[in-house]
Amino acid sequence: MPRADNKSGLDTVLQAELDLLKAQGLRRVLRRLDSPQGIHVQLDGKSLINFSSNDYLGLANHPQLKEAARLAIEKFGVGAGASRLISGSLGPHHELEAALAEFKNTEAALSFNSGYAVATGVLPALLGKGDYLILDKLVHACIVDGARLSGARLRVFAHNDLAGLEERLAWARRQAEQAGADASGRLPRILVVTESVFSMDGDWAPLAEIVVLKERYGAWLMVDEAHGTGLYGPKGRGLLAELNLDGRAEIQMGTLGKAFGASGGFICGSRALIEYLLNRARSFIFSTAPPPAVAAAALAGVKLAQSSEGDQRRRMLWERVEQLRNGLAGQNWRLPPEKSAILPLIVGEEERAVRLSRQLQEAGFFIPAIRHPTVARGQARLRLTVSASHTSGEVAGLLEAMRGQSGAH
Ligand SMILES: *Cc1c(COP(=O)(O)O)cnc(C)c1O
């Protein structure tokens, strides 16, 4: 047997690709932090002010979440042992799900190891080859991956383009009628998926109009509220609640790792939906349950978000957002019109985003450049995120450091 020559060895092949990424300004590296996630982080021995986390309410290092996790470790240990369907389903997961259902005003909820696991489990559980899946162009990678896994016929509409959505809904409805029921009597399904607040752009989906359209064409709607939950609506219930669209989306998705300060993902919806998913969602069935302490911490986060402290934190957050927006607008950055804690500074060229990020780091601010494949090529940006824990002095400091960086367009 001839030995593989050096040129086709694994490391040689991969190194060539890495070198290419580097040449394109797209190579990524991990940046080790030796501090908790928070506003002040320790990077390479230097203290930086963090404007990049999704810990919007400042709960990731909150004493109540830490205490909840500690108590749960004492009572339930660390590991969950197996999938919840195999070795018993621990109390903290049930408490968390009851709280999530109440929070979102739905019949039931189901928690997963991550938001990523939600999307890659739920979409293939609900849809298969004879079904139709319609996505906004900018939905999160986990939804794209779940869509591909499902095998459903996939159509993408331009970001927030209602005419494009309607066209695809009409097409799917026509196809579904033509196909009719299969041998077992199952009718083709049509599902629309969008985010409420888009993760890399900070703008909102036109949810009221999307709801009208999906109802007109007899489709279902799944809304990913990863960046809406905890921030909008009464008690932070989300953008659907803020827009009075409660009960109009069949499937509400969220993460426990952003505003709630812990880790994991969830679905809220009808009892039938939740029971179906725990029988069919493979990322739920074939994965060890999250540690009970993480569920307990998430529960503390859900409760905190609804408390008067939660209201206070949201007030602080939106004040800081307003301050940062006003300052950035004065520096000629174009920002999404909607109220959002995500403020993307689109600089375009990858190298330029990396350079700007480095300059800000030298000035004491941690804001990594967001590049392809997280966003489209040539759409590189600094994604500023604001937290309730930022002080107005820190926001002013960032604006000062940004001065002279405007004129991106
Ligand atoms: C972060 C995110 C997810 C994934 O959630 P994780 O809990 O981090 O896996 C899903 N959708 C959107 C829009 C997100 O921003």
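Dipole check for the range 295-381: with +1 at the C-beta of Lys and Arg, -1 at the C-beta of Asp and Glu, and the Cα centre as origin, the magnitude is about 80 Debye.
For the range 20-116, what is the convex hull volume of the alpha-carbon atoms per residue, in Å³?
Numbers: hull volume 19.3 nm³, N = 97.
Expressed per residue, the convex hull around the Cα atoms of the range 20-116 is 199 Å³.
Among GLY151, ALA208, PRO92, flag the residue with its Cα farthest along the positive direction of the charge dipole of the chain, charges on Cβ as +1 for Lys/Arg and -1 for Asp/Glu. Most positive-ward Cα: GLY151. From zero up to wherever the largest Cα-Cα distance of the range 262-395 sits, split into 10 Å bins and tell me the percent of pairs in each. It works out to 10, 26, 27, 26, 10, 0, in whole percents. Of LEU239, LEU26, LEU57, the residue with the greatest mean-square motion in the GNM of the chain, using alpha carbon springs below 10 Å, is LEU26. Counted by Cβ distance under 12 Å from LEU100, the other residues give a net charge of -2, where Lys and Arg count +1 and Asp and Glu count -1. Here the Karplus curve 6.51 cos²θ - 1.76 cosθ + 1.60, taken at θ = phi - 60°, turns the phi angles of the range 253-261 into couplings of 10, x, 10, 9, x, 10, 4, 7, x Hz, with x standing for Gly and Pro.
At 222 nm, what helix-only mean residue ellipticity would the chain give, in deg cm²/dmol to the nearest 500, using -39500 (n - 2.57) for each DSSP H run of four or more? Could the numbers behind the result be given before it?
Values: 14 runs with 172 residues, N = 409.
Result for the chain: -13000 deg cm²/dmol, rounded to the nearest 500.
Could you check how much of the accessible area of the range 274-340 is carbon and sulfur, as a whole percent, using a 1.4 Å probe?
On the way: 1590 of 3190 Å².
The value for the range 274-340 is 50 percent carbon and sulfur by accessible area.
Springs between Cα atoms under 10 Å define the GNM used for the chain, and in it the highest mean-square fluctuation of GLY254, GLY81, GLY301 occurs at GLY81. For the range 16-99, a crude dipole built from +1 on the beta carbon of Lys and Arg and -1 on the beta carbon of Asp and Glu, taken about the Cα centre, is about 220 debye to the nearest 20.
Excluding ligands, DNA and RNA, the accessible surface per residue across the range 337-409 is 41 Å² with a 1.4 Å probe.
Using a/c under 1.5 as the rounded threshold, could you call the range 124-177 rounded, prolate or oblate? The axes a ≥ b ≥ c are square roots of the C-alpha gyration tensor eigenvalues, and prolate needs a/b larger than b/c, oblate otherwise. Oblate shape, in that a/c is at least 1.5 and b/c is the bigger or equal ratio. When the Cα positions of ALA376, GLN405, VAL386 are compared along the charge dipole of the range 342-409, ALA376 comes out farthest toward the positive end, with charges on each C-beta of Lys, Arg, Asp and Glu. Once the Kirkwood radius over Cα pairs is known for the range 232-281, the Stokes-Einstein relation at 37 °C and 0.692 mPa s delivers a diffusion coefficient of 273 µm²/s. Work from the charge dipole of the range 249-384 (Cβ charges, +1 for Lys and Arg, -1 for Asp and Glu, about the Cα centre) and give the residue of ALA296, ILE342, THR255 farthest towards its positive end. Working it through, the farthest residue towards the positive pole turns out to be ILE342.
Accessible surface of the range 61-201, 1.4 Å probe: 53 percent of it comes from carbon and sulfur atoms.
Between the C-alpha center of the range 252-283 and that of the range 333-409 there is a gap of 31 Å. Just check the range 141-204 against the gyration tensor rule for me: Cα atoms, a ≥ b ≥ c as the square roots of the eigenvalues, rounded for a/c under 1.5, and otherwise prolate or oblate depending on whether a/b exceeds b/c. Since a/c reaches 1.5 but b/c is at least a/b, the shape of the range 141-204 is classed as oblate.
Averaged per residue, what accessible area in Å² does the range 105-187 show with a 1.4 Å probe, protein chains only?
Numbers: 3840 Å² over 83 residues.
Using a 1.4 Å probe on heavy atoms only, each residue of the range 105-187 averages 46 Å².
Just the C-alpha atoms of the range 149-267: what Rg/Rh do they give, with Rh taken as the Kirkwood radius? Working shown, then result.
On the way: Rg = 15.5 Å, Rh = 15.4 Å.
My calculation puts Rg/Rh at 1.01.
Just to confirm a number: summing +1 for Lys and Arg and -1 for Asp and Glu over residues other than VAL395 whose beta-carbon lies under 13 angstrom from that of VAL395, what do you get? Net charge around VAL395: -2.
Calculated from the alpha-carbon coordinates, the range 295-368 shows an Rg and a Dmax of 16.3, 44 Å respectively. Against the compact-protein benchmark of 2.2 N^0.38 Å, the Cα-based radius of gyration of the chain scales to 1.03. Tell me whether the range 200-300 comes out rounded, prolate or oblate; compute the Cα gyration tensor, take square roots of the eigenvalues as a ≥ b ≥ c, and use a/c under 1.5 as the rounded threshold. Judged from the Cα gyration tensor, the range 200-300 comes out oblate (a/c at least 1.5, b/c at or above a/b). With a 10 Å cut-off between alpha carbons and a GNM built on the chain, which of ALA125, ALA219, ALA176 moves the most? Most flexible of the set in this elastic network: ALA176. Only the Cβ atoms of Lys and Arg (+1) and of Asp and Glu (-1) were treated as charged; on that basis the dipole of the chain about its Cα centre amounts to roughly 580 debye.
Give me the net charge of PHE51's neighbourhood, meaning all other residues with Cβ under 11 Å from the Cβ of PHE51; Lys, Arg count +1, Asp, Glu -1.
On the way: positive: ARG320, ARG383; negative: GLU394.
Net charge around PHE51: +1.
The values are calculated or read from the model by the stated rules, or taken from the named source; none is laboratory data. Keep in mind the model is a prediction, meaning the values are calculated, not measured. Because the Cβ atoms are built from the backbone with ideal geometry, glycine has one as well, and the counts that use them run over all protein chains shown. Surface areas here come from the heavy atoms of the whole protein model, side chains and all, with no ligands, DNA or RNA. Shrake-Rupley method; radii C 1.70, N 1.55, O 1.52, S 1.80 Å.
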